[in-house]
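Pasting a structure below so you can have a look.
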Amino acid sequence: MKTRTAAVILGLCAVLAAFIWFVERDAMTTAERNARSDSAFASLRVDFVEEVSLSGQKGKVLLKKDRTGRWRIASPVALDADDVEVKALLSSLDFLLVERRVERAAAKTVGCDQPRLSGTALSGGKTVRFRIGKQAPDGLIYLCVDKNVFAVSGDFLEAVDRGVNDLRRRRLLDMDKDDVEAISLRVDGVDTVLTQNPRTGWTVNAGPDGAPLAADSAGVARLLAAVTQVEASRFVADGATDLSKWGLDEDAARVTLRRKGQTPVELRAGTDCGDGLVHATVVGSGTVVCAGGNFKETIRWQARRFIDRRPARFRPEEVTAIRISRGSRDLALTSDDNGLWHAGELTPEETDQGQVSALLESFCAATAVPVDGEAKACPAAAVLSFRLADGGERQITFCEDGDGLLARRDDEPLRLRADRTLLDGFVPFATVYRVKLLRRDGDVEQLDIGGVLSQSLVQNDGHWAIRAPVAAPASPPDVEKVVELVTATKVERFVPPSEAASFNPLFATVTATLARTRTAADGSADRTETVRIELQIGAPVDGENRYARVKGEDEVFTVGPAYWQRLMAPLADPASLQIAAEGMDRLELRRGGRTVKADLRDGVWESGDCALDSEAVKRLLIDLSTIRAISVRSFGDTVGPRVAILFLYSKRTDAPAVLEFGDAVPDVDGRAARRGDLDMTFVVPDRPAEELLQLCR
């Protein structure tokens, strides 16, 4: 075979293959047809349907799919079709099941020669014809599809008997709301104009003499959503020329949408249709519909309603720098390439990132009230300048206004009345933005507390003890809190210098002696140095907080009650009251002028002064050997009237142990108590004292 002949044969094969693919591409395979054997439209592939015609009780209609895949009504009028409705129609064909098959010869007797509805569906060049005949005795209806006759569900007739108004597109405007660049509203002869600036956003003509003001983007979005999504609940007229009968003439409420390079579109709202609907039309369409009344209320909004009430017309994440100007002072807050904030000369590590972020979030979310009339000049109380990521600048000027503030955005002819607290976080002192944890390294060896209550504590091999005014074991968790107060101070807030004078009067001091290890610059052996840090607690502020400062440093800050309240009581160990029950064989109970003595003989407690419950004494001794005070009330003896119990150890060298119980302490279900060898007063639970009082009654 010659090469040329082979090439011709191959070419013919390719053409034949292409022809077969083109013709058969929409055809159903045998397997697909078998899988749809129970379907009334078994040979129809609805995904490839290009044309549908219907002729029934609601008239004739022809649907065609255009090149873009969108459905249109081709006759009796040219209209856009509602894709959802067309898909529902096609689904009715696709999912219709055969309930019963009927002999073909019965086609005339079942009414297919005079059908209640007939239709066609064109797919892949093949047309499927169907007719709906009479109702069967069992409630089904007869359907003739091409040469086949079936009995199918009676609901099929209602599903496919669709007219033009059932299948036409119901949404009045075919546009994307994001393409709109200008909106005009006219209500009762008053015009409201909204214009979009690509850089600064939407404006509204709500200023003096119609001057543009910043518009609320959320309000504009609600308006656009309401207008662009208006749908017809029912169609009233097509080809209408006299719109006045529906209140849609020149006096009607209207909204005009303008898109770049396209003809403006005007939507009007007229009189009520009833059922909460109003007459509506798109000017030039000639179509009048009844639509949901909500959009009419929206397009009646006046210009003032669209004013943006936020002093900050930007999002927190857009801000890269803030300049705070108050009085003669300025402070710059700047964000670096990593998104970390610097307050003045403070590094990102020294700047409280959370505080700056929270400040921006709160400020950008704040709203204010527009003030009527033209903005007049007033002395600036503060100026906040914001640099944005797109290179833009925003400036907000604040003036004093009685108990509030007046805010002006850039050069807008409008002022907003804002709450005075809006400026509270913007202070032109870098220290205000410092990290709220002050750390000081070193091992604390001694604590000296002065002020309301004086006490001195020392650490020896990791154990803390009170050295003065009395010698006693210290409470490890309470001492640790005081150590933390000095070495890892949790600051509630730093105060500006103008507030620092409010520190006095001095309330308490805590001085920590720290041992620090230092390596010499030349790399020689480490050396230990001793440092004394004095934290001073001052006047109350912000509820239960108090001012604080470190002696010799400039910053004044506030601390919470969890810190300073621990300086008001002895830091003694609440277990200091415990007595050693082992080896104890004698006790004396002294109450008023009476003394009761008891001895332990053969494991039984006995007394010659009263009938004594030995088991009760044993339980009492167990309680007193494990007792923990609720709190330490004070140094010294403040027990008041008391019951004393003396514990003696005849076979040991231990000195007698003395416990004294006194006044009840309100609100804590306890009473005052002390040990004879510790000059301080504790508050203990009521139970041991009550058990003691029950002995020898």
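Yes or no: the range 666-675 includes at least one residue that is among the hydrophobic types (A, V, I, L, M, F, W, C), surrounded by fewer than 19 Cβ atoms within 10 Å (Cβ to Cβ) and at pLDDT 80 or above. Break it down into steps so the answer makes sense when it comes.
Quick first cut of the range 666-675, residues among the hydrophobic types (A, V, I, L, M, F, W, C) only: 668, 672-673.
Restricting the remaining residues to those that are surrounded by fewer than 19 Cβ atoms within 10 Å (Cβ to Cβ) gives 668.
When the remaining residues are screened for being at pLDDT 80 or above, the result is 668.
Yes, the range 666-675 has at least one match.
To continue, here is another question. Would you point out which residue out of Thr195, Thr200 is of a type outside the set (Asp, Glu), in contact with a Pro (Cβ under 8 Å, 6 or more places away or on another chain) and closer than 30 Å to Val371 by Cα? Please lay out each step first, then the result.
On the way: Thr200 fails: in contact with a Pro (Cβ under 8 Å, 6 or more places away or on another chain).
Testing whether each residue is of a type outside the set (Asp, Glu), in contact with a Pro (Cβ under 8 Å, 6 or more places away or on another chain) and closer than 30 Å to Val371 by Cα leaves just Thr195.
Report every pair of residues separated by at least 6 positions or lying on different chains whose Cβ atoms are under 9 Å apart, first residue within the range 457-475 and more than 11 Å from Leu447 (Cβ to Cβ) and modelled with pLDDT of 90 or more, second aromatic (Phe, Trp, Tyr) and open to solvent by 40 Å² or more (accessible area, probe 1.4 Å).
Once the first residue is more than 11 Å from Leu447 (Cβ to Cβ) and modelled with pLDDT of 90 or more and sits in the range 457-475, its partners that are aromatic (Phe, Trp, Tyr) and open to solvent by 40 Å² or more (accessible area, probe 1.4 Å) give Pro473/Trp464; Ser475/Trp464.
Please specify each residue of the range 586-620 satisfying the condition of being open to solvent by less than 40 Å² (accessible area, probe 1.4 Å) and within 60 Å of the chain's Cα centre (by Cα).
Ala616, Leu620 - these are the residues of the range 586-620 that are open to solvent by less than 40 Å² (accessible area, probe 1.4 Å) and within 60 Å of the chain's Cα centre (by Cα).
Of all residues in the range 624-647, how many are crowded, with 17+ Cβ neighbours inside 10 Å and either closer than 20 Å to Cys696 by Cβ or basic (Lys, Arg) (or both)?
8
Yes/no per residue for (1) under 21 Å from Phe235 (Cα atoms); (2) touching a residue at least 12 places away in the same chain (Cβ under 8 Å); (3) in contact with a helix residue (DSSP H, G or I) (Cβ under 9 Å, 6 or more places away or on another chain):
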{"site": "Cys273", "(1), (2), (3)": "yes, yes, yes"}
{"site": "Thr281", "(1), (2), (3)": "yes, yes, yes"}
{"site": "Val289", "(1), (2), (3)": "yes, yes, no"}
{"site": "Asn294", "(1), (2), (3)": "yes, yes, yes"}
{"site": "Gln302", "(1), (2), (3)": "no, yes, no"}
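What is the residue count in the range 261-299 for residues that are touching a Lys or Arg at 6+ places or on another chain (Cβ under 7 Å), within 18 Å of Lys177 (Cβ to Cβ) and open to solvent by 30 Å² or more (accessible area, probe 1.4 Å)?
Counting residues in the range 261-299 that are touching a Lys or Arg at 6+ places or on another chain (Cβ under 7 Å), within 18 Å of Lys177 (Cβ to Cβ) and open to solvent by 30 Å² or more (accessible area, probe 1.4 Å) gives 2.
Provide a single number: the residues in the range 676-697 that are modelled with pLDDT of 85 or more and open to solvent by less than 30 Å² (accessible area, probe 1.4 Å).
Going through the range 676-697 one residue at a time, the tally reaches 6.
Being assigned to a strand (DSSP E or B), open to solvent by 30 Å² or more (accessible area, probe 1.4 Å) and closer than 22 Å to Trp341 by Cβ is the filter here, so list the residues in the range 386-435 that pass it.
Arg387, Glu393, Arg394, Gln395, Arg434
Under the condition of being polar (S, T, N, Q), without any contact (Cβ under 8 Å) to a residue 60 or more places away in the chain and touching a strand residue (DSSP E or B) at 6+ places or on another chain (Cβ under 8 Å), which residue from the range 329-356 is nearest to Ala382 (Cα to Cα)?
From the range 329-356, those polar (S, T, N, Q) are 334-335, 338, 347, 351, 353, 355; that's our starting set.
Now narrow it down to the ones that are without any contact (Cβ under 8 Å) to a residue 60 or more places away in the chain: 334-335, 338, 347, 353.
Okay, now just the ones that are also touching a strand residue (DSSP E or B) at 6+ places or on another chain (Cβ under 8 Å), so 334-335, 353.
Numbers: Thr334: 18, Ser335: 21, Gln353: 23 Å.
Out of the qualifying residues, it is Thr334.
All but one of (1) touching a strand residue (DSSP E or B) at 6+ places or on another chain (Cβ under 6 Å); (2) open to solvent by less than 40 Å² (accessible area, probe 1.4 Å) hold for Gln135; state the number of the condition that does not hold.
Checking Gln135 against (1) touching a strand residue (DSSP E or B) at 6+ places or on another chain (Cβ under 6 Å); (2) open to solvent by less than 40 Å² (accessible area, probe 1.4 Å), the one that fails is (2).
Does the range 81-103 hold any residues that are under 14 Å from Val149 (Cα atoms) and open to solvent by 50 Å² or more (accessible area, probe 1.4 Å), and which are they? Outline the logic, then answer.
Step one: of the range 81-103, the residues under 14 Å from Val149 (Cα atoms) are 96-103.
Result: Leu97, Glu99, Arg100, Arg101, Glu103.
Restricting to the range 225-260, name every residue that is in contact with a strand residue (DSSP E or B) (Cβ under 6 Å, 6 or more places away or on another chain), assigned to a loop (DSSP other than H, G, I, E, B) and crowded, with 19+ Cβ neighbours inside 10 Å.
Val230, Leu248, Ala252
A quick yes/no check of all residues on (1) modelled with pLDDT under 95; (2) open to solvent by 90 Å² or more (accessible area, probe 1.4 Å); (3) part of a strand (DSSP E or B); (4) not aliphatic (A, V, I, L, M):
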residue: Leu62; (1), (2), (3), (4): no, no, yes, no
residue: Ala105; (1), (2), (3), (4): yes, yes, no, no
residue: Gly119; (1), (2), (3), (4): no, no, yes, yes
residue: Gly139; (1), (2), (3), (4): yes, no, no, yes
residue: Leu157; (1), (2), (3), (4): no, no, no, no
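Would you be able to tell me the number of residues in the range 552-583 that are open to solvent by 20 Å² or more (accessible area, probe 1.4 Å), at pLDDT 90 or above, hydrophobic (A, V, I, L, M, F, W, C) and over 20 Å from Leu457 (Cβ atoms)?
0
Quick check on the range 182-205. Is at least one of its residues part of a helix (DSSP H, G or I) and open to solvent by 50 Å² or more (accessible area, probe 1.4 Å)? It would help to see each step written out before you state the result.
Within the range 182-205, the subset part of a helix (DSSP H, G or I) is none.
No, because not a single residue in the range 182-205 is part of a helix (DSSP H, G or I) and open to solvent by 50 Å² or more (accessible area, probe 1.4 Å).
Pick out the one residue from Arg633, Arg590, Arg546, Arg619 that is under 19 Å from Leu693 (Cβ atoms), among the charged types (D, E, K, R) and part of a strand (DSSP E or B). It would help to see each step written out before you state the result.
Numbers: Arg633 fails: under 19 Å from Leu693 (Cβ atoms); Arg546 fails: under 19 Å from Leu693 (Cβ atoms); Arg619 fails: part of a strand (DSSP E or B).
Of Arg633, Arg590, Arg546, Arg619, the one residue that is under 19 Å from Leu693 (Cβ atoms), among the charged types (D, E, K, R) and part of a strand (DSSP E or B) is Arg590.
Same structure, new question: Looking for whichever is within 30 Å of Leu267 (Cβ to Cβ), among the hydrophobic types (A, V, I, L, M, F, W, C) and in contact with a His (Cβ under 9 Å, 6 or more places away or on another chain) here; the options are Ala291, Ala332, Ala303. Which one fits?
On the way: Ala332 fails: within 30 Å of Leu267 (Cβ to Cβ); Ala303 fails: in contact with a His (Cβ under 9 Å, 6 or more places away or on another chain).
Exactly one residue qualifies, and that residue is Ala291.
Still on this structure, please answer the following. Quickly run through the range 73-103 and pick out the residues that are small (Gly, Ala, Ser) and either closer than 14 Å to Asp166 by Cβ or in a loop (DSSP other than H, G, I, E, B) (or both). Write out each step before concluding.
At the first step, the residues of the range 73-103 found to be small (Gly, Ala, Ser) are 74-75, 78, 81, 88, 91-92.
Ala78, Ala81, Ala88, Ser92, listed by residue number.
I'm told Ala182 meets every condition in (1) under 30 Å from Arg408 (Cα atoms); (2) modelled with pLDDT of 95 or more; (3) in contact with a helix residue (DSSP H, G or I) (Cβ under 9 Å, 6 or more places away or on another chain) except one. Can you identify the failing condition by its number?
(3)
Of the residues Thr489, Thr517, Thr511, which single one is among the β-branched types (Val, Ile, Thr), surrounded by fewer than 17 Cβ atoms within 10 Å (Cβ to Cβ) and in contact with a strand residue (DSSP E or B) (Cβ under 8 Å, 6 or more places away or on another chain)? Break it down into steps so the answer makes sense when it comes.
Details: Thr489 fails: surrounded by fewer than 17 Cβ atoms within 10 Å (Cβ to Cβ); Thr511 fails: surrounded by fewer than 17 Cβ atoms within 10 Å (Cβ to Cβ).
Sole residue among the options that is among the β-branched types (Val, Ile, Thr), surrounded by fewer than 17 Cβ atoms within 10 Å (Cβ to Cβ) and in contact with a strand residue (DSSP E or B) (Cβ under 8 Å, 6 or more places away or on another chain): Thr517.
Tell me the residue from Thr626, Thr638, Thr595 that is polar (S, T, N, Q) and either closer than 30 Å to Ile537 by Cβ or touching a Gly at 6+ places or on another chain (Cβ under 9 Å) (or both), please. Walk me through it before giving the result.
Working: Thr626 fails: either closer than 30 Å to Ile537 by Cβ or touching a Gly at 6+ places or on another chain (Cβ under 9 Å) (or both); Thr595 fails: either closer than 30 Å to Ile537 by Cβ or touching a Gly at 6+ places or on another chain (Cβ under 9 Å) (or both).
Among Thr626, Thr638, Thr595, only Thr638 is polar (S, T, N, Q) and either closer than 30 Å to Ile537 by Cβ or touching a Gly at 6+ places or on another chain (Cβ under 9 Å) (or both).
The values are calculated or read from the model by the stated rules, or taken from the named source; none is laboratory data. Computed from a predicted structure; not experimentally measured. Methodologically, a virtual Cβ is constructed for each residue, glycine included, from the backbone with ideal geometry; neighbour enumeration extends over all protein chains shown. SASA here: full protein model, heavy atoms, side chains in, ligands and nucleic acids out. Shrake-Rupley method; radii C 1.70, N 1.55, O 1.52, S 1.80 Å.
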